[in-house]
1. Under 8 Å between Cβ atoms, at least 6 apart or on separate chains: pull out the pairs that start in region 274-293 with a residue that is basic (Lys, Arg) and end on any residue that is assigned to a loop (DSSP other than H, G, I, E, B).
2. When both residues are 6+ apart or on different chains and their Cβ atoms are under 9 Å apart, which pairs have a first residue that lies in region 255-267 and is within 15 Å of residue 289 (Cβ to Cβ), and a second that is modelled with pLDDT under 90 and surrounded by 12 or more Cβ atoms within 10 Å (Cβ to Cβ)?
3. Within region 193-205, does at least one residue satisfy the condition of being assigned by TED's automatic domain parsing to the domain that holds residue 232, more than 15 Å from the chain's Cα centre (by Cα) and modelled with pLDDT of 90 or more?
4. Given the conditions (1) out of contact with any Leu (no Cβ under 9 Å at 6 or more places or on another chain); (2) surrounded by fewer than 18 Cβ atoms within 10 Å (Cβ to Cβ); (3) not β-branched (Val, Ile, Thr), report the number of the one that residue 244 does not fulfil.
5. I need a count of the residues in region 208-235 that are more than 19 Å from the chain's Cα centre (by Cα) and not basic (Lys, Arg).
6. Restricted to region 142-170, and to residues that are in contact with a Pro (Cβ under 7 Å, 6 or more places away or on another chain) and assigned to a helix (DSSP H, G or I), which residue is modelled with the highest pLDDT?
7. Hey, among the residues in region 92-123 that are modelled with pLDDT of 80 or more and in contact with a helix residue (DSSP H, G or I) (Cβ under 9 Å, 6 or more places away or on another chain), which one's surrounded by the most Cβ atoms within 10 Å (Cβ to Cβ)?
8. Among the residues of region 215-241, write down those that are out of contact with any helix residue (DSSP H, G or I) (no Cβ under 7 Å at 6 or more places or on another chain) and exposed (fewer than 13 other Cβ atoms within 10 Å of the Cβ).
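The values are calculated or read from the model by the stated rules, or taken from the named source; none is laboratory data. Nothing here was measured: the structure is a model prediction, and the numbers come from that model. Don't worry about glycine lacking a Cβ; one is built from the backbone with ideal geometry, like all the others, and counts go over all protein chains shown.
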Amino acid sequence: MSQNTAISAAQHYKDIVLTFGDFDITFGEPIWESPDAESVRQFQNYTDLPALRDRKGIRTSFELYLCLRGKGRLELNGLMRAAGPGCVWFTSPASRLYWHEYNRQETLILHIPFTVNEAFTTSDTPENRLILDFLEQSRHSDEHSLLFGYDKSLCDYNDFLKLRMNTATSFSLSHVLLSLLLDSIHALSSTEHPMTEAQFIESYVKANVLQKISVSDLAKLLSVSERSLFYMFTKNFDASPNDYINRTRMNAAAEHLSKGLSVREVSELFRFSEITSFCRMFKKYYGVTPSEYQRSAKSK
């Protein structure tokens, strides 16, 4: 994971401490990061800061990540999550976090470390309940401390932060950071969901329907083995990768035939080296030749 130098951080950034309810929240310096060229790369980690007790209460450290651009699969402790713009997640500083690329668009992740100072006793207010529920989730998460949410509007905070990172005072920046944190916590319970692996595969195949998509290329795109890709297709589409890709291509070819393109034109459009190969594949899925299908479509 490399820091994106196109966005300059504040030259003299100091940790920002804010009080919210009965909690003190300390924000570290926001960092914009992009995965390196390798398909799997460990995120930049900070020194592990276990929960520490002081005279007021317990300090617990977290990492907030917000995906601003790109699509991929998030891996934490062997568990996978499909992620894209608007996905937000929280981890502990010691978590082994990996990003698997879905496409060649440069991914941009906003990464903000923060610490919550929890008092021994807190009053029952909406502010305290929000933070207490968050802390309770993080301690009893079934996903090894990965708290994951989605809200596309969270990406709007990016421009606010960039504008305020070099301000003379930290007042405006601190309130942007606090608002981002609170909205991110709210996103954990959102009913919205990012694009699933199945939806990504479906959209990718349809977008590249005129191309010859190989199983090996698709496996590389999804950062999985061909064996895992086969399992993924069987689970989501009840078909092998080749069968699903070819069926999608022939469905699109049938639409072009219905619009009046000749069999040869459609064969060339879908990049078949021989028209007989196209006719053979089309008949496999439709039970008739392209010419027979076209005559039937015209009669209807």
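1. 283/289
2. The qualifying pairs are 257/297; 258/297.
3. yes
4. (2)
5. Of the residues in region 208-235, 16 are more than 19 Å from the chain's Cα centre (by Cα) and not basic (Lys, Arg).
6. Here the answer is 155.
7. Among those residues, the one meeting the criterion is 110.
8. Those that are out of contact with any helix residue (DSSP H, G or I) (no Cβ under 7 Å at 6 or more places or on another chain) and exposed (fewer than 13 other Cβ atoms within 10 Å of the Cβ): 217, 227, 228, 231, 235, 238.
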